[in-house]
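Everything on this sheet refers to the single structure shown next.
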Amino acid sequence: MLAKTNSATVLGVEAHSIEVEVDLAVGLSNFTIVGLPDGTIKESRERITAAISNSGYSFPIRRITVNLAPAEMKKIGSGFDLPIAAGILGAWDIFPASALADFLVVGELSLEGRVRSVRGILPMALAARRMEVKGMILPRENELEAAVVSGLPLFPVDTLKDIVAYLKDGREPVVREVDIESLFAQRQDQGEDLTDVKGQEQAKRVLEIAAAGKHHLLMIGPPGSGKTMLARRLPSIMPPMTFDEALETTQIHSIAGQLAASQALVTQRPFRAPHHTISQAGLVGGGSIPQPGEISLAHHGILFLDELLEFPRSVLELLRQPLEEKQLTISRAAMALDFPCDCLLVCAMNPCPCGYLGDARKPCRCSPQVVQKYRSRISGPLLDRIDLHVEVPAVLFEQLSEERRGDQSELIRQRIGTAREAQIERFRDSPTRFNGAMTSKEIEKHATPGAEGLALLKQAMEKFHLSARAYTRILKVARTIADLAESPGIKPAHIAEAIQYRKLDRGVGG
C-alpha cells in the first residue's frame, strides 16, 4: 500500500518541493523515515503515532517506510508531520490515497492531533504555485500568510481529522483573496515624528539624505545628545514599501518565525536594533542549518547599531561584504545558502571613552592617544563603507525650551519621495536603484561635478588624506543632495556639503 503527496522544505529564503512517499508493508512493526531528515523530522515519528491514535484512528501495525525525495537534499522543520501522517492514513485506506497526490501539505502535529503553525509558509506557498498543485493543505494559523499568494487554493485545517474529512468528501479548496491595497493603506502611525526632536538641524538633514539615497550613516555625539531618538524616527521619513519589497521581507520574517498569525504581510520597513552583546551568528546569520540574522531581518529597512564601538570588532568586520553586496552567503560543508540583506545601516557612537570630546558643557578626560585607540575599534575599510559621518552635539537649554519645531516627517518623506523618483528614472535601465549603490561607471555618468566641484574635492582629499572609496562616497552623497534640491547637475555647494559628512576622515577632533 503506497501513498504519495507533496510538501516543501525551506533552505535559505527559498522553499524546495519535496515528494513524500509512504509505504505500508506486511512485516514486523517498524517506522522508518529516510531521505536526509533532520532531528526534528526524526522525532516526528512519536508525534505522528500519538496524533493518529488520539484522533480516533487505528495506527497500522505494519512496516512503515517514509521516503522524502529528492534523497540528496537536506530536509528540515516540523512541517513534515502532517504530510507523513496523511500519507499513512491514505495508504491505510482511511481515505482515497490518490486524493493526496494533487496537494502540497505542510503542518506540525500535537500529540492530540491538533495542527500547529510552522515557519516559512510564504515561500512554501510560492513553491506550491510554481508546482501548479490543486491546492495547499496548511495550518489555519498560517492561512492569512499563504493567502498573500494570489490564485493559490487553500485547505486550512485545525486537526488531523479535518484533512481526512476534506479528502473523504472530495471538497474543493477555497481561493482566499487578501486585499493587498488595504494592507498597505493601513500604514501604522509610528507614534514618533522627526518634529519631536528639538535642535539637531544638521543631524535631521543627514537623516533626510541617508533616507533619500540609501546612504549608510554614523552619528557621533556625547551621551544624551539624541542619537537614538533620531535613529528611531528615521522610519517615519522612509518611503512606503512596494509590494515586491514587502514580499521579500515577509519571506525572511516568516522563515525566522517572526510573523504573527494575524499578520499577512510586512508592510512597514523593519527597524532592527540588536544589543551590542549579539553574537556573529545573531548579526549575520548562521547555525548548522543557516538561519537569517539581524542584517537580513532588516532587509529593505533599517539596521541600527547603538553604541557601535561596544560591539566586538570581529562581529563588526562581518558587515563589510554584506554592506557592499546586499547579499550574504553562508557556507557549510553540505550547503551554501544566500540571504538578502539590502538594508540601511545606521550607527551611533560616543566620540571618546568618556563621551565628552568636544562637549562645551563638560570637559573631556581622554588624551588624543586614548581617543585614537578607542576609535580604532572600527576598521578603516568598514568606516569607508559608511557614506555619512555626522556630529550630534549636546542640545543646549535654549534649543530645548524654544517652541519652534522643524519639518514634520510627512513633509520630509514627500521630499525624499521626489528624490527617489529622480533615481528611479535615472536607473531605469540598470539594476541599481539608489544613489548609494551606484557603480563606478554610473558615478562617472551621473555624479561627475564641474571643474570647480572637482577642484574642491581634490583639495579635500589632499588635506584629509581621503581614500578612493571615500572619494566615491562623497560623489554619491553629492548626487543625492542635488536630487533633494531637484538639481540636474552637481554643484560645488553639493560637493562642499557632502565633504562635511566625512567627520571621522578628518582625525581626532576634526
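Okay, here's what the table says:
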read-out	value
Residue count for the stretch 209-228, restricted to those that are outside any loop (DSSP other than H, G, I, E, B) and open to solvent by 10 Å² or more (accessible area, probe 1.4 Å)	2
Those residues of the stretch 357-379 which are among the small types (Gly, Ala, Ser), modelled with pLDDT of 85 or more and within 29 Å of residue 436 (Cβ to Cβ), in sequence order	376, 379
Candidates 459, 414 - the one that is open to solvent by 70 Å² or more (accessible area, probe 1.4 Å), of a type outside the set (Gly, Ala, Ser), closer than 30 Å to residue 360 by Cβ and part of a helix (DSSP H, G or I)	459
Any hit, the stretch 477-488, residues being open to solvent by less than 30 Å² (accessible area, probe 1.4 Å), under 24 Å from residue 393 (Cβ atoms) and among the polar types (S, T, N, Q)	yes
The lone exception for residue 231 - which of (1) closer than 27 Å to residue 388 by Cβ; (2) of a type in the set (Gly, Ala, Ser); (3) open to solvent by less than 10 Å² (accessible area, probe 1.4 Å); (4) part of a loop (DSSP other than H, G, I, E, B) it fails	(4)
Hey, residue 348 more than 29 Å from residue 251 (Cβ to Cβ), crowded, with 19+ Cβ neighbours inside 10 Å, under 24 Å from the mean Cα position of the chain (by Cα) and at pLDDT 95 or above or not	yes
Residue in the stretch 178-198 that is assigned to a strand (DSSP E or B), surrounded by 14 or more Cβ atoms within 10 Å (Cβ to Cβ) and not hydrophobic (A, V, I, L, M, F, W, C) present	no
Search result, residues across the stretch 216-256 that are within 21 Å of the chain's Cα centre (by Cα), of a type in the set (Gly, Ala, Ser) and farther than 13 Å from residue 184 by Cβ	231, 236, 254, 256
Qualifying residue in the stretch 125-134 (condition: closer than 16 Å to residue 51 by Cα and among the small types (Gly, Ala, Ser))	no
Test: residue in the stretch 284-295 that is among the hydrophobic types (A, V, I, L, M, F, W, C) and not in a loop (DSSP other than H, G, I, E, B)	yes
Given (1) touching a residue at least 12 places away in the same chain (Cβ under 8 Å); (2) farther than 17 Å from residue 274 by Cα; (3) open to solvent by 20 Å² or more (accessible area, probe 1.4 Å), number of the condition residue 307 does not satisfy	(2)
Residues located in the stretch 156-171, provided they are in contact with a strand residue (DSSP E or B) (Cβ under 7 Å, 6 or more places away or on another chain) and either assigned to a loop (DSSP other than H, G, I, E, B) or open to solvent by 10 Å² or more (accessible area, probe 1.4 Å) (or both)	156, 158, 159, 166
So residue 481, is it closer than 27 Å to residue 373 by Cα and under 32 Å from the mean Cα position of the chain (by Cα)	no
All positions within the stretch 425-456 that are small (Gly, Ala, Ser) and either loosely packed, with under 12 Cβ neighbours inside 10 Å or part of a helix (DSSP H, G or I) (or both)	436, 437, 440, 451, 453, 455
Residue 204 being farther than 30 Å from residue 306 by Cα, open to solvent by 10 Å² or more (accessible area, probe 1.4 Å), outside any loop (DSSP other than H, G, I, E, B) and not aromatic (Phe, Trp, Tyr)	no
Unique residue being within 30 Å of residue 284 (Cβ to Cβ), touching a helix residue (DSSP H, G or I) at 6+ places or on another chain (Cβ under 9 Å) and among the aliphatic types (A, V, I, L, M) when the list is 41, 88	41
Filter result for residue 239 (in a loop (DSSP other than H, G, I, E, B), touching a helix residue (DSSP H, G or I) at 6+ places or on another chain (Cβ under 9 Å) and in contact (Cβ under 8 Å) with a residue 12 or more places away in the chain)	yes
Only listed residue being small (Gly, Ala, Ser) and out of contact with any strand residue (DSSP E or B) (no Cβ under 7 Å at 6 or more places or on another chain), chosen from 51, 99	99
Flag for residue 481 being more than 26 Å from residue 201 (Cβ to Cβ), assigned to a helix (DSSP H, G or I) and among the β-branched types (Val, Ile, Thr)	no
Selection within the stretch 114-123 - on the phi < 0 side of the Ramachandran plot and open to solvent by less than 10 Å² (accessible area, probe 1.4 Å)	115, 121, 122, 123
Elements of type helices (runs of 4 or more DSSP H) contained in the stretch 327-402, each with 2 or more residues being closer than 29 Å to residue 479 by Cα and either in contact with an Asp or Glu (Cβ under 8 Å, 6 or more places away or on another chain) or not aliphatic (A, V, I, L, M) (or both)	380-384
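The values are calculated or read from the model by the stated rules, or taken from the named source; none is laboratory data. Everything numeric in this text was worked out from a predicted model, so none of it was measured. Note: ideal-geometry Cβ built from the backbone for every residue, glycine included; neighbour counts use all protein chains shown. Note: accessible area is taken over every heavy atom of the protein model, side chains too, but ligands, DNA and RNA are not part of it. Shrake-Rupley method; radii C 1.70, N 1.55, O 1.52, S 1.80 Å.
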